[in-house]
Structure formats: structure tokens, C-alpha cells
Amino acid sequence: MRKLLAILCVLCLVQPIKAQDGLIQNISSRKKISLNGRWNYVLDPYENGFYDYRRKPFDESNSKTGGYYDDKTEVDKSELIEYNFDYEPTLNVPADWNSQAEKLAFYEGTVWYRRLFSAKPINGKKYLLYFAAVNYEAHVYLNGKKLGIHKGGFTPFHFDVTDLLKSGENSVVLKVDNTRRKEEVPTINTDWWNYGGITRDVYLAELPDTYIHDYKIQLAKNNAQELEGFVQLKGSNKSQKLNIQIPEAKLNINVQTNNNGYAAIKIPIKKLQYWSPESPKLYQVKIIANTDTVADKIGFRTIQTSGKDILLNGKSVFLRGISIHDENPMVAGRPRSTGDLRMLLNWAKELNCNFVRLAHYPHNEEMLRLADEMGLMVWAEVPVYWTIEWENPDTYANAKGQLTDLITRDKNRASVIIWSVGNETPLSNPRHKFMGNLVDVARNNDNTRLVAAALELHRDGNRVIIDDVLGAKLDLVSFNEYAGWYWGGTPKEITKYYFDIKYDKPVVISEFGGDALGGFHADAETKFSEEYQEALYENQFKILKKIDALRGMTPWILVDFRSPRRPHPIYQNFWNRKGLISETGKKKKAFYTLYNFYETIKGLYK
Ligand code: GCB
């Protein structure tokens with residue numbers, strides 16, 4: 001017994017404290033205060049505020065003090081403290097740090113953030129400190145006490161701070177580290193900027209002791225006649241009678257949660273207006289418990305495949321898409337507001353799209369809510385990108401966690417029709433196993449949506465071959481195809497290619513494209529000119545149209561985006577120029593080429 005206790009103690013010491021057990025649903029509708037705004041920061045490339053001079057973490061020492069998270073100032077003149085948040089500069093939250101100070105533009109490492117806020121905790125209430133995203137590793141402290149660690153730059157996390165929150169002034173401190181590491185997700189090599197910092201909203205939410213923690217209300221798998229889902233309560237009073245209302249659809253049902261706070265939901269429907277890009281109908285849904293009420297706006301639609309077709313609400317659709325990064329080119333950084341996100345989706349609308357690929361990681365929850373409202377179908381993805389450590393169990397656990405959190409967060413969004421488990425991953429048995437397992441995770445978490453991945457191709461002469469065993473487990477055939485840019489010569493030379501696709505499933509091309517520097521004009525053979533990009537798109541349509549099962553595409557990409565892999569001083573200057581819109585927001589010629597192509601497609605799929 002003693003031995004067991006000793007082992008448990010050691011495990012407690014080495015196991016990082018994890019954030020929440022299961023994400024809370026719909027944070028935006030909860031009673032909360034925003035902790036956005038200006039946070040003081042200390043730049044700490046040597047992680048001085050975390051380790052002592054023997055490289056031992058202060059927060060693992062007996063006293064657990066000594067780190068910057070103590071947020072101390074000298075009380076007498078002989079005291080030595082080598083930092084002082086009060087006099088440090090500030091960073092805006094939400095936003096990345098790279099776009100806020102020249103010295104941070106290329107910075108990768110540790111930055112400490114501190115925010116003071118006042119609170120008035122009420123007895124009997126529960127308080128959650130919620131972060132919508134922090135890139136990449138966050139150690140979070142409240143009033144000098146460690147709440148836990150979160151890894152992964154694009155998914156939310158939260159901590160129950162009920163016991164630590166003080167009446168009056170509170171100090172929240174984060175150690176944020178965006179160092180790239182081989183075993184992480186994403187791994188060290190990506191074609192996007194490694195923006196560090198508290199990049200999305202921060203909230204302190206006040207909840208009743210027993211609250212509605214999670215819920216799902218969607219149409220049952222391929223069944224437009226029934227709503228299905230669940231409600232999960234958390235707290236001390238788990239067994240309750242719940243009332244679920246969708247007044248506009250004249251639905252009102254009562255269910256009883258079990259001793260674990262869980263209630264399954266099945267609601268037969270008489271009449272419902274289904275969600276679609278043409279008519280993005282959202283219903284007010286209310287879940288009322290004795291102790292808590294949550295309201296949401298939810299759309300209902302079915303999505304499935306049948307042979308070569310993708311069926312939305314039972315009707316064949318063509319996914320007129322575009323890929324998008326979570327970046328606002330105008331500030332050369334992560335979007336900072338709903339306005340920034342709306343700008344990106346408005347551009348997609350102007351391009352004649354009904355579909356967006358939110359590459360290559362989970363975007364802001366608000367982006368999905370906007371897509372719901374604006375009528376854009378969504379491909380949502382996790383950063384299993386290029387050369388992940390396929391055989392590392394921690395890497396797999398991390399990827400699985402990010403996928404699970406993404407699905408948990410966005411499962412009520414009608415706009416999301418596809419979960420993507422990764423992008424351009426090289427073939428090998430360990431990779432098939434890793435990604436195959438992720439496909440199962442996606443399906444087990446949500447059986448109502450399609451599962452995809454952006455695959456790679458290989459070539460034999462003019463034959464472009466898509467033959468990847470993972471394809472057997474996926475609902476769509478999707479691949480990145482760079483004829484006319486990375487291979488295949490100039491745009492006029494690519495029309496000779498044809499596709500040999502092993503799977504008889506709908507084909508949605510996840511990427512094609514080429515760079516053009518906005519405003520640079522030359523002939524169609526000159527790389528980086530708008531004319532080259534335009535010709536490339538025109539001839540891509542010629543070869544892609546030969547694919548009988550072609551049911552969609554998300555060319556690469558809506559807007560130019562920052563990338564450390566793109567240093568060419570004239571054409572790139574650390575921008576990937578494959579955008580159809582330049583970094584100043586100007587539409588390039590190929591924007592209109594794609595617009596016109598989608599106009600012709602519209603007529604075919606009504
Ligand atoms: C790809 C990647 C994407 C890159 C793009 C490019 O295949 O999926 O992340 O940015 O190619 O521009 O090379």
C-alpha cells in the first residue's frame with residue numbers, strides 16, 4: 001500500500017496538471033466578464049521566471065514560489081526582485097505578440113503575461129477562467145497558484161477557479177511558450193507563421209453550482225425527421241428535470257437527467273426549415289434546468305455522400321470553396337475581432353463560395369458561428385500537418401485531444417459538414433495507423449458529419465495517381481495538387497494531365513494554386529505575375545473538369561499569408577503569395593477567374 005502511495009505521489013509530481021475535463025459548451029452565452037484588453041508582459045528567452053539557476057522549475061520546489069507568477073513588487077528597499085509587471089509594456093489580448101512589437105516579429109520562446117482584475121465572487125457560484133486559444137504551451141497561475149498547463153495553440157481550455165478567486169484584486173499570470181518542437185502538433189515545420197500569445201478571448205465566467213456543461217442538438221444521422229443529442233449537467237445537483245424549447249419550430253420537450261447529470265435527447269420533427277447556404281436558417285434553442293438556462297442559435301441540416309455525390313438535405317451539391325488561414329493580412333497577424341473574421345468570410349462570399357476550408361487548425365469559434373449565420377459550409381481541420389511523429393504516443397494523444405476539443409466545441413454548428421484529420425502527410429504504416437485512429441475518433445465523437453483529410457498524390461507520366469490506403473476510411477477523396485506551380489511546367493503545359501483515382505467517392509480538391517505578387521503584371525509564363533496565376537487557374541479547371549466525381553474544391557488560398565518559408569526579397573518578403581487577394585486586400589486577376597468558374601458550376605448543381 002505504501003509503495004502504491006509512493007508511486008502515486010511521484011506520478012502526481014511528474015504529471016503536468018491538465019486543464020478541464022471536457023470543454024464547456026457555448027461560452028459566449030454565459031454570464032461572464034471579459035479579461036481582454038491590455039496585459040503587461042515580460043520577455044523571457046531564458047525562462048528565468050520559470051526555472052532557478054539549476055534549471056529546476058520554481059513551481060516544483062517545496063515552497064512553489066520564486067517564479068514570475070508570484071507577481072511581486074518590492075516591499076522594502078533591500079529586497080531583490082528582478083522583474084516588475086507594473087512597469088512592463090503591454091500587449092493587446094486577443095492578438096498574437098508578433099504583430100505588436102518589432103522585437104517580437106520573429107520571436108519564438110517564452111513571454112509572461114499578467115492581468116489584474118477585480119472580482120466579487122458570490123458564495124455558491126462556480127467560476128471558470130476560460131481561454132479561447134493560446135499558442136502554444138500555456139502555464140496558468142491565479143494569485144500565485146498554478147491552475148495547470150495547456151498545450152495546443154488553437155483550441156479552448158478552462159480552469160475551475162472557484163476556490164482561488166478573491167474578492168477584490170486578482171492577478172492572473174500566464175507563461176506562454178511558442179517554441180516549435182518535433183513531437184508537438186503541429187510539428188516544427190509548417191508553411192504559416194508561428195504566431196505566439198493569447199490569440200483569442202479570455203473570460204471569467206460565473207455559473208450556478210450545477211450548470212449545463214455540454215449539449216448537442218442536431219439532426220440524427222441522415223434523418224431529417226428527428227433531432228438527436230444530449231445534455232450534460234455538472235455540479236452537485238445532477239438529477240434534474242430539463243425543458244428544451246425551440247419555440248419557432250413549436251418544439252417543447254421535457255427530459256430527466258440521470259445521476260451522472262446526463263440526458264439523451266430524441267425529438268421527432270413535424271416541420272422544420274433546414275439550414276443551407278442559400279437559406280441559413282438558425283433557430284433559437286433554449287435548454288432550461290432548475291438551476292441554469294442556456295440559449296443558442298442552431299441550424300439543422302443533413303449531410304451525407306451517395307456514390308459520387310455529396311447530399312445536403314438530400315440534394316446534390318457542389319462545394320464552391322476556398323481555403324482560409326486564421327490571419328488578417330492588414331495587421332499581418334491573427335484576427336483580433338469579429339470584424340476581422342467577417343471580412344474574411346465576406347471575401348469568400350464575394351468570390352461566389354458556398355464553402356470554406358478553415359485550414360490547417362481549428363479557427364475561432366466565432367468564425368464558425370459567423371459561417372452558420374452567413375451561410376457557408378465549413379471544412380474544419382486539426383494541425384496534423386506534414387511530418388508529425390507518427391510513432392510517438394504522446395503526439396497521438398495530443399492530436400486526439402485537439403480533434404476531440406474541436407468536435408466538442410463546434411458540434412452544434414450546422415455550417416460544419418467535414419472534420420479533417422490532417423494535411424499532406426507522407427505515406428507509411430505508422431502514419432496510416434495514427435490517422436486511421438483519428439478517423440475513428442472523429443466518427444465516434446460525431447456520426448453526423450463527413451470525415452476527410454487532404455492527401456498527397458504521385459505521378460506516372462501524365463497520370464496523376466491518388467492511391468492512399470487512408471482513402472478507404474474517408475468519406476471524400478481530397479488531395480493537394482500543384483500542377484503548374486511545383487511541378488508540371490507552366491500553366492499552358494498542364495492540360496495533358498489526367499487523374500487516376502482509386503476510390504469511387506466524391507472528389508473535393510483540397511488545394512491547387514500558385515503565387516502572384518499583387519500588382520505585378522507580365523505574360524502568363526512569368527512566375528509570380530498575376531497573369532501566370534490567372535492562366536494556372538484557367539487550365540486547372542480544364543483538367544479538374546475531367547474528374548467525373550468532382551464535387552468541390554478549395555483552391556489555395558483566399559488571401560496572401562505570412563510564412564517564414566518564403567523569403568524571396570522581391571516577390572515574397574515572408575509572404576506566401578498564393579492568395580487570390582493581396583496582403584493589402586486587393587483582388588488579383590485569378591479572383592475573377594475562380595468567381596466565373598463558380599458561376600458556371602452554379603447552373604449545374606441547383
Ligand atoms: C500545401 C500546404 C499548404 C502550403 C501550400 C503551399 O500543400 O498544404 O499549407 O501553404 O502547399 O503554398 O506550398
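Listed values, structure above:
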| read-out | value |
| --- | --- |
| Number of positions in the range 18-38 that are under 30 Å from Asp86 (Cα atoms) and either more than 19 Å from the chain's Cα centre (by Cα) or without any contact (Cβ under 8 Å) to a residue 24 or more places away in the chain (or both) | 9 |
| Any hit, the range 394-409, residues being assigned to a loop (DSSP other than H, G, I, E, B), surrounded by fewer than 20 Cβ atoms within 10 Å (Cβ to Cβ) and among the hydroxyl-bearing types (Ser, Thr, Tyr) | no |
| Residue selected from the range 416-452 under the condition assigned to a loop (DSSP other than H, G, I, E, B) and in contact with a Phe, Trp or Tyr (Cβ under 8 Å, 6 or more places away or on another chain), by the criterion farthest from the ligand (Cβ to nearest atom) | Asp446 |
| Filter result (in a loop (DSSP other than H, G, I, E, B) and in contact with a strand residue (DSSP E or B) (Cβ under 6 Å, 6 or more places away or on another chain)) within the range 503-519 | Tyr503, Lys505, Pro506, Ser510, Asp515, Leu517 |
| Residue in the range 476-486 that is within 16 Å of the ligand (Cβ to nearest atom) and over 25 Å from Ile543 (Cα atoms) present | no |
| Options Pro186, Pro121: the member that is farther than 27 Å from Lys72 by Cα and in a loop (DSSP other than H, G, I, E, B) | Pro186 |
| Residue among Glu108, Glu74 that is assigned by TED's automatic domain parsing to the domain that holds Ser167, modelled with pLDDT under 95 and more than 22 Å from Leu147 (Cβ to Cβ) | Glu74 |
| All positions within the range 372-393 that are away from the ligand (no atom under 13 Å from the Cβ), over 17 Å from Val508 (Cβ atoms) and in contact (Cβ under 8 Å) with a residue 24 or more places away in the chain | Asp372, Glu373, Met374, Gly375, Val382, Ile388, Glu389, Trp390, Glu391, Asn392 |
| Qualifying positions in the range 39-78 - within 31 Å of the chain's Cα centre (by Cα) and among the β-branched types (Val, Ile, Thr) | Val42 |
| Qualifying position, being among the charged types (D, E, K, R) and within 16 Å of the ligand (Cβ to nearest atom), among Arg357, Arg413, Arg342, Arg409 | Arg357 |
| Asp500 vs. criteria in the same structural domain as Pro426 (by TED's automatic domain parsing), more than 16 Å from the ligand (Cβ to nearest atom) and touching a residue at least 60 places away in the same chain (Cβ under 8 Å) | no |
| Any hit, the range 440-453, residues being more than 30 Å from Gln284 (Cα to Cα) and touching a helix residue (DSSP H, G or I) at 6+ places or on another chain (Cβ under 7 Å) | yes |
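The values are calculated or read from the model by the stated rules, or taken from the named source; none is laboratory data. Because the structure is predicted, anything quoted here is derived from the model rather than measured. Using ideal geometry, Cβ is built from the backbone for each residue, glycine included, and neighbour counts are taken over all protein chains shown.
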